[in-house]
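Q: Got a structure here, written out as structure tokens. Questions coming.
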């Protein structure tokens, strides 16, 4: 089966060396969801942009979300309905944490409603924006398979992640 991949970066977008950008370049049939304002995210605007990208997909897409992009997916699933093949949700942000970027205030509170599609949530044991306990709670609430990636901060370029082959293996497993 040929999958349509929608890449959903988080706050400030994913830079040129971020694993999402690298995946977008080599995954067949992948495209980035363009958000109205990467530096001042607004939940309603991001949910609308995500909904538009999903509805324009010729097949039920595979969502690949990172950070605030995970929040957008959770809010979209709580409000909207369209076929989704599966979702890889990486490094969610706890909007109740003192450490979360204040620019993400409109995403609070995160919905804890079961996602109507298969998903894997990948979290780090030392992510500054989401504790392991909260990541586990979100995975349970969303019905996601939980993967502990170990101590790797926010699973982004600043944490030393480039191509992230282990993440690609998780994506392959999700699609099997």
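The values are calculated or read from the model by the stated rules, or taken from the named source; none is laboratory data. Owing to the predicted nature of the structure, the values given are computational and were not obtained by experimental measurement. Positions of Cβ are backbone-derived with ideal geometry, glycine not excepted, and every protein chain shown enters the neighbour counts.
Q: Considering 106, 120, which residue is assigned to a helix (DSSP H, G or I), in contact (Cβ under 8 Å) with a residue 24 or more places away in the chain and surrounded by fewer than 21 Cβ atoms within 10 Å (Cβ to Cβ)?
A: Sole residue among the options that is assigned to a helix (DSSP H, G or I), in contact (Cβ under 8 Å) with a residue 24 or more places away in the chain and surrounded by fewer than 21 Cβ atoms within 10 Å (Cβ to Cβ): 106.
Yes/no matrix, rows are residues, columns are (1) assigned to a helix (DSSP H, G or I); (2) at pLDDT below 95:
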residue: 39; (1), (2): no, no
residue: 54; (1), (2): yes, no
residue: 69; (1), (2): yes, no
residue: 72; (1), (2): yes, no
residue: 75; (1), (2): yes, no
residue: 78; (1), (2): yes, no
residue: 83; (1), (2): no, no
residue: 89; (1), (2): no, no
residue: 96; (1), (2): no, yes
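Q: Same structure again: Go through the range 116-132 residue by residue and tally those that are over 13 Å from the mean Cα position of the chain (by Cα) and closer than 15 Å to residue 144 by Cβ.
A: So the answer is 5.
Q: If you don't mind, there's one more thing I want to ask. Keeping to the range 123-136, report how many residues are more than 20 Å from residue 160 (Cβ to Cβ) and loosely packed, with under 14 Cβ neighbours inside 10 Å.
A: So the answer is 1.
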